[in-house]
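S.K.: Take a look at the following structure, please.
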Amino acid sequence: MKLTVIEGLQSEIFVPITPPPVFTPFTKELKDCTVAFVTAAGVHLKSQKPFNLAGDFTFREIPGDTPSSELMVTHGGYDNTDVNRDINCMFPIDRLRELAAEGFIKAIAPVNIGFMGGGGNVKKFQEETGPAIAEILKKEGVDVAVLTAG
C-alpha cells in the first residue's frame, strides 16, 4: 500500500501518538466467554447524566440486561441522529444477546461501559479512566471486551 503525503498538510484535530498495543493471547473458546462492550461512542442510559460535549473523561456503566430502547448517545464528534434511532448500529447489544441465546458466547457481561472518545488528555485516560474501566470488567468476570468507536 502506498500512502499519499502532502507536505504541510495538517489535521485540525489533535491526534495523539499512542503506544504499541499489549498483546494477550486468547486461550478460551468464545462459547465459554462472558463478553462486554466498551464503547467510545458516547452511549449511556437515558436516565444517566449526558456526557459533557466540551470534553469528558468520565464513563457510564451500562447493565447487561438494559433494554436497547433505554440507551442513547451524547457525543459531540459525530451526528448522533441515526444511532439514537437504532443504538445497535454503534452498540449492538441486541445482536450480542442473540449470540448468547444461540450459545455462541457464554453470556453478556453484567456491566458494559460507555464513554465519549474523541481526543483530549490521553495520559488521563491511560492512567485513570482506562484502569478504572479495566478494574470493573475484571471484577465482573469479563473474558472479552469488544471495543466500538464513535
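The values are calculated or read from the model by the stated rules, or taken from the named source; none is laboratory data. All of these numbers come straight from a predicted model, not from anything done at the bench. Methodologically, a virtual Cβ is constructed for each residue, glycine included, from the backbone with ideal geometry; neighbour enumeration extends over all protein chains shown. In case anyone asks, the SASA skips ligands and DNA or RNA and just uses the protein heavy atoms, side chains included. Shrake-Rupley method; radii C 1.70, N 1.55, O 1.52, S 1.80 Å.
S.K.: Restricting the search to segment 107-119, which residues are in contact with a Phe, Trp or Tyr (Cβ under 8 Å, 6 or more places away or on another chain) and open to solvent by 30 Å² or more (accessible area, probe 1.4 Å)?
M.R.: Result: Phe115, Gly119.
S.K.: Step by step: first the residues of segment 130-150, then only those that are of a type in the set (Val, Ile, Thr) and in a strand (DSSP E or B), then the one that is most open to solvent (accessible area, probe 1.4 Å). Which residue is that?
M.R.: The residue in question is Val146.
S.K.: Next question. Can you name the residue in segment 34-64 that is in contact with a helix residue (DSSP H, G or I) (Cβ under 9 Å, 6 or more places away or on another chain) and in a loop (DSSP other than H, G, I, E, B) and is also surrounded by the fewest Cβ atoms within 10 Å (Cβ to Cβ) among such residues?
M.R.: Per the stated criteria, the residue is Ser47.
S.K.: Next question. Of the numbered conditions (1) in contact with a Ser or Thr (Cβ under 7 Å, 6 or more places away or on another chain); (2) open to solvent by 50 Å² or more (accessible area, probe 1.4 Å), Phe26 fails exactly one; give the number of that condition.
M.R.: So Phe26 meets the others, but not (1).
S.K.: Here is a follow-up. Would you call Gly114 closer than 16 Å to Arg60 by Cβ and touching a Ser or Thr at 6+ places or on another chain (Cβ under 6 Å)?
M.R.: When the stated conditions are applied, Gly114 passes them.
S.K.: What number of residues within segment 65-106 are within 16 Å of the chain's Cα centre (by Cα), at pLDDT 95 or above and open to solvent by 70 Å² or more (accessible area, probe 1.4 Å)?
M.R.: 1
S.K.: Of the conditions (1) under 22 Å from Val22 (Cα atoms); (2) without any contact (Cβ under 8 Å) to a residue 12 or more places away in the chain; (3) not in a helix (DSSP H, G or I); (4) not hydrophobic (A, V, I, L, M, F, W, C), Glu127 clears all except one; give me its number.
M.R.: Among (1) under 22 Å from Val22 (Cα atoms); (2) without any contact (Cβ under 8 Å) to a residue 12 or more places away in the chain; (3) not in a helix (DSSP H, G or I); (4) not hydrophobic (A, V, I, L, M, F, W, C), the lone unmet condition for Glu127 is (3).
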